Amino acid sequence: MNAFITKVSGDTGAHHITPDEHGRLVIQGLLTATLPTKIGGDHNVLARTVNFEFLRPVYSGDTITCEVTIEKFEKKENRISIMSSFLCTNQNKKQVLSNLRSICYKFISKL
């Protein structure tokens, strides 16, 4: 899987293609960052602002859990606005990715 992501992303940093002393590769950060965006997909919204803080590397073989908190879900005249925060942790409960706030919009067109 990592070879595919490396090819698609073009991110060929040595840490992505050369295993460490435990035989693990560092996974591209933006692959990990796709996990919290699922909430936008669930509500069919477009991301407007997302700030990621990469706290530690994610390695091949890691299991990542992402908890998303909806801070605000607001229906306006022509859009739905979602504000959320998230925290992703690995199987050892170590934080790997977080943010303070994401803003997503779904524009509603009137026909």
Any chance I39 is on the phi < 0 side of the Ramachandran plot, surrounded by 15 or more Cβ atoms within 10 Å (Cβ to Cβ) and in contact with a Phe, Trp or Tyr (Cβ under 7 Å, 6 or more places away or on another chain) = no
Would you please list the contacts, defined by Cβ atoms under 9 Å and residues six or more apart or on different chains, that run from a residue in the range 36-52 that is closer than 11 Å to S84 by Cα to a residue that is of a type in the set (D, E)?
-> P36/E67
Starting from residues that are within 17 Å of the chain's Cα centre (by Cα) and among the polar types (S, T, N, Q), keep the ones in the range 74-86 and report whichever is most open to solvent (accessible area, probe 1.4 Å).
-> S85
In the range 80-111, how many residues are charged (D, E, K, R) and at pLDDT below 90?
-> 3
Over the range 56-73, the set of residues over 14 Å from L35 (Cβ atoms) and surrounded by 15 or more Cβ atoms within 10 Å (Cβ to Cβ) is P57, Y59, S60
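Please find, within the range 14-30, the residue that is farthest from S81 (Cα to Cα) out of those that are hydrophobic (A, V, I, L, M, F, W, C) and buried (at least 17 other Cβ atoms within 10 Å of the Cβ). Walk me through how you get there before you give the answer.
At the first step, the residues of the range 14-30 found to be hydrophobic (A, V, I, L, M, F, W, C) are 14, 17, 25-27, 30.
Still in the list and also buried (at least 17 other Cβ atoms within 10 Å of the Cβ): 25-27.
Values: L25: 37, V26: 34, I27: 31 Å.
Filtering the range 14-30 for residues that are hydrophobic (A, V, I, L, M, F, W, C) and buried (at least 17 other Cβ atoms within 10 Å of the Cβ), the one farthest from S81 (Cα to Cα) comes out as L25.
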Result of the Cβ filter at 6 Å on the range 84-100, keeping first residues that are farther than 13 Å from L55 by Cα and partners that are modelled with pLDDT of 95 or more and part of a loop (DSSP other than H, G, I, E, B), at least 6 apart or interchain, is Q91/T63
What is the number of the single condition among (1) free of Cβ contacts under 8 Å to residues at least 40 places away in the same chain; (2) touching a Phe, Trp or Tyr at 6+ places or on another chain (Cβ under 8 Å) that G13 does not meet?
-> (2)
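The values are calculated or read from the model by the stated rules, or taken from the named source; none is laboratory data. Keep in mind it's a predicted model, so treat the numbers as computed, not measured. Cβ coordinates were reconstructed from backbone atoms using ideal geometry, including for glycine residues, and neighbour counts include every protein chain displayed. The accessibility values were calculated without ligands, DNA or RNA, using every heavy atom of the protein model including side chains. Shrake-Rupley method; radii C 1.70, N 1.55, O 1.52, S 1.80 Å.
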